[in-house]
Amino acid sequence: MRYSFLSLLANGLTGQKGWTPAWRDAAPKPAYDVIIVGGGGHGLATAYYLAKVHGITNVAVIEKSYIGSGNAGRNTTIIRSNYLLPGNEPFYEWSMKLWEGLEQELNYNAMVSQRGILNLFHSDAQRDAYARRGNAMRLAGVDSELLDRRRVRAMYPFLDFDNARFPIQGGLLQRRAGTARHDAVVWGYARGADTRGVDIVQNCEVTGFLREGDAIVGVETTRGTIRAGKVALAVAGNSSRVAALAGLRLPIESHVLQAFVSEGLKPVIDGVITFGAGHFYISQSDKGGLVFGGDIDGYNSYAQRGNLPVVEDVAEGGMALMPRIGRLRLLRMWGGIMDMSMDGSPIIDRTPLPGLYLNAGWCYGGFKATPASGWCFAHLIATGAPHETAGAFRLDRFRTGHLIDEKGVGAQPNLH
Amino acid sequence: MRIPCPYCGARDAHEFAYLGDATLTRPDPAAADAADRFHDYVYLRDNPAGRHQEWWYHANGCRQWLRLTRDTRTHAIEAAEPARRDATQADMPGAAS
């Protein structure tokens, strides 16, 4: 059913009895053209664009738990395209463009809010680096503005501008960036894919792969064997574990990233702000809670919970940035498992095994990439060739030396 | 997470710096297939969910390198041994017999 003001009105007048489930909870069929492993944002977006753009509708998305139960529901909901390197920037901008039309595309309220992201700088050297990034963005056709201290103060007068160690000297602003409702993105893509005939199979964990020679021709699951023309992995956080079932070793380590939300407040922060002297980012949800986070914990983990040193580090970052949040109480904190790749950039590529495709290595930047990741992965699966904006995300770039290292820290995943 | 440093006793994890997988062996640079082996050594990881051998450095403590055996699903530490064993460490946990 199509959502509209009229459907809202009609159901409001009839006791809300006319709503139907947004997608079917399907049972797996014996075979599909394409199986997508992983019912997060990326997997569901891939299924949606396979059906919508490429007309491939005999598709199943299989998910070990319920859809959106992994990192799609654990992020800090920030969307942006303020990257430096040529391999990254066109891709993330394509994602930003898809975000801008997402709700009309899906007929679903994903609460996309282009409230702007401001990256603060605290030294001359950092200003130069941000000016360079801003210029690189403009060369790629993306909006960016370098603000001086006076203009930042006009936007956010409550920041600690004269902090003794990290005085705020200005910021790089991308006005088109913002936030989106993470669960609604999952549900919107699920509904769109389901409407076009895609089966969404929950509580169905992959336990192995069906092989004919080298080729992958299906999956073994907790709900039986399913054959497929192509199998596509979108299981960030667990990519190494699932790939290991097919005998592959990946350039990825799994690390835990924590995020936090405070008790609800009246509106205090109308955009997204990042602290440049540490790693701290904060925005306010539409419910009023401040949503914030910092660095990954820094050691291999599949635990979906972190440790206290990072909590302290995040709190210190917040206090250095805006001391007014010091008396705020924390409502919730949680952890998600990140695919930390060896250069900090993702992988959307074929694997050495015919019939097996890989979408992985999103580090802690996967949410903003959801639409373009789905678009480009669907393009690769349907046409066999990488999408023009995702051609750099190759699995073999570590062998050939074409790394995309935004941060420049080398093959040390816990530092990206 | 507290790490049982064999030199200092149980210390908070934030005193330590993490390097990663301790099961990797640096390949012979003179080998014929050194480029392939170095690719695997530098970039590829088993990344297990479960028991993991890993290097930690007690940066804000004794400044010694340790080899930890830790479960990546629970963060429980099974063993913490000196990275380099010699005769002076004979009485330490995990030291070579």
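The values are calculated or read from the model by the stated rules, or taken from the named source; none is laboratory data. These figures come from a predicted structure and were not determined experimentally. Note that each Cβ is placed from the backbone with ideal geometry, even for glycine, and that neighbours are counted across all protein chains shown. The accessibility values were calculated without ligands, DNA or RNA, using every heavy atom of the protein model including side chains. Shrake-Rupley method; radii C 1.70, N 1.55, O 1.52, S 1.80 Å.
Kindly indicate the residue of the range A:306-324 that is hydrophobic (A, V, I, L, M, F, W, C) and more than 14 Å from chain B (Cβ to nearest Cβ) and also farthest from A:K266 (Cα to Cα) among those meeting that condition.
Within the range A:306-324, the match that is farthest from A:K266 (Cα to Cα) is A:A320.
Output the residues belonging to the range A:43-58 that are in a helix (DSSP H, G or I) and polar (S, T, N, Q).
Hit for the range A:43-58 is A:T46, nothing else.
Could you please give the count of residues in the range B:13-46 that are within 18 Å of the chain's Cα centre (by Cα), part of a helix (DSSP H, G or I), facing chain A (nearest Cβ under 8 Å) and not β-branched (V, I, T)?
3
Considering the range B:18-63 alone, what residues qualify as being on the phi > 0 side of the Ramachandran plot and open to solvent by 30 Å² or more (accessible area, probe 1.4 Å)?
Hit for the range B:18-63 is B:R63, nothing else.
Failed condition for A:G336, given (1) farther than 30 Å from A:V219 by Cα; (2) of a type outside the set (A, V, I, L, M); (3) more than 14 Å from chain B (Cβ to nearest Cβ); (4) not in a helix (DSSP H, G or I), with all others met?
Answer for A:G336: the failing condition is (1).
Taking the conditions exactly as written (at the interface with chain A (Cβ under 8 Å from one of its Cβ atoms), modelled with pLDDT under 95 and under 30 Å from A:F398 (Cβ atoms)), does B:A49 satisfy them or not?
no
For (1) farther than 20 Å from A:R181 by Cα; (2) part of a loop (DSSP other than H, G, I, E, B); (3) open to solvent by 20 Å² or more (accessible area, probe 1.4 Å), each residue gets a yes or a no:
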site: A:D33; (1), (2), (3): yes, no, yes
site: A:K97; (1), (2), (3): no, no, yes
site: A:Q104; (1), (2), (3): no, no, yes
site: A:M111; (1), (2), (3): no, yes, yes
site: A:R115; (1), (2), (3): no, yes, yes
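In the range A:226-266, what count of residues is obtained for those that are part of a loop (DSSP other than H, G, I, E, B), under 15 Å from A:P346 (Cα atoms) and either open to solvent by less than 10 Å² (accessible area, probe 1.4 Å) or of a type in the set (A, V, I, L, M, F, W, C) (or both)?
Count: 5.
From A:G361, A:G344, A:G374, grab the single residue that is modelled with pLDDT of 95 or more and out of contact with any His (no Cβ under 8 Å at 6 or more places or on another chain).
A:G361
Restricted to the range A:1-31, and to residues that are in contact with a strand residue (DSSP E or B) (Cβ under 9 Å, 6 or more places away or on another chain) and not aliphatic (A, V, I, L, M), which residue is surrounded by the most Cβ atoms within 10 Å (Cβ to Cβ)?
For the range A:1-31, the residue satisfying everything is A:W23.
Could you tell me which numbered condition A:V61 fails, if it satisfies all but one of (1) part of a helix (DSSP H, G or I); (2) under 19 Å from A:S239 (Cβ atoms)?
(1) is the only condition that A:V61 fails.
In the range A:163-177, is there at least one residue being in contact with a helix residue (DSSP H, G or I) (Cβ under 6 Å, 6 or more places away or on another chain), closer than 23 Å to A:E93 by Cα and of a type in the set (G, A, S)?
yes
Conditions tested, residue by residue: (1) touching a residue at least 12 places away in the same chain (Cβ under 8 Å); (2) within 20 Å of the chain's Cα centre (by Cα).
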residue	(1), (2)
A:F292	yes, yes
A:G298	yes, yes
A:A303	yes, yes
A:V310	yes, no
A:M322	yes, no
A:G326	no, no
A:L330	yes, no
A:G336	yes, yes
A:D339	yes, yes
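Mind checking which residues of the range A:145-181 are within 23 Å of A:V291 (Cβ to Cβ), open to solvent by 30 Å² or more (accessible area, probe 1.4 Å) and part of a helix (DSSP H, G or I)?
The one that is within 23 Å of A:V291 (Cβ to Cβ), open to solvent by 30 Å² or more (accessible area, probe 1.4 Å) and part of a helix (DSSP H, G or I): A:M155.
Does A:A360 count as within 14 Å of chain B (Cβ to nearest Cβ) and under 22 Å from A:L98 (Cα atoms)?
Criteria met by A:A360.
Being more than 22 Å from A:H182 (Cα to Cα) and small (G, A, S) is true for just one of A:A360, A:A244. Which residue is that?
None of the other options fit; the residue is A:A244.
Could you check the range A:196-225 and list, in sequence order, the residues that are open to solvent by less than 30 Å² (accessible area, probe 1.4 Å) and among the hydroxyl-bearing types (S, T, Y)?
If the condition is that a residue be open to solvent by less than 30 Å² (accessible area, probe 1.4 Å) and among the hydroxyl-bearing types (S, T, Y), then A:T221 is the only one that fits.
Looking at A:K64, is it surrounded by fewer than 24 Cβ atoms within 10 Å (Cβ to Cβ), under 25 Å from A:G171 (Cβ atoms) and either among the basic types (K, R) or in contact with a Gly (Cβ under 8 Å, 6 or more places away or on another chain) (or both)?
Here the answer is no, as A:K64 does not meet what is asked.
Every residue in the range A:132-143 that is more than 23 Å from A:G317 (Cβ to Cβ), out of contact with any Asp or Glu (no Cβ under 6 Å at 6 or more places or on another chain) and open to solvent by less than 30 Å² (accessible area, probe 1.4 Å), please.
If the condition is that a residue be more than 23 Å from A:G317 (Cβ to Cβ), out of contact with any Asp or Glu (no Cβ under 6 Å at 6 or more places or on another chain) and open to solvent by less than 30 Å² (accessible area, probe 1.4 Å), then A:A136, A:M137 are the ones that fit.
Quick check on the range A:371-416: of everything there that is within 13 Å of another protein chain (Cβ to nearest Cβ) and not in a loop (DSSP other than H, G, I, E, B), which residue is most open to solvent (accessible area, probe 1.4 Å)?
A:R399
Kindly indicate whether any position in the range A:226-237 is out of contact with any Cys (no Cβ under 9 Å at 6 or more places or on another chain) and either on the phi > 0 side of the Ramachandran plot or within 11 Å of chain B (Cβ to nearest Cβ) (or both).
The answer is yes; a qualifying residue exists.
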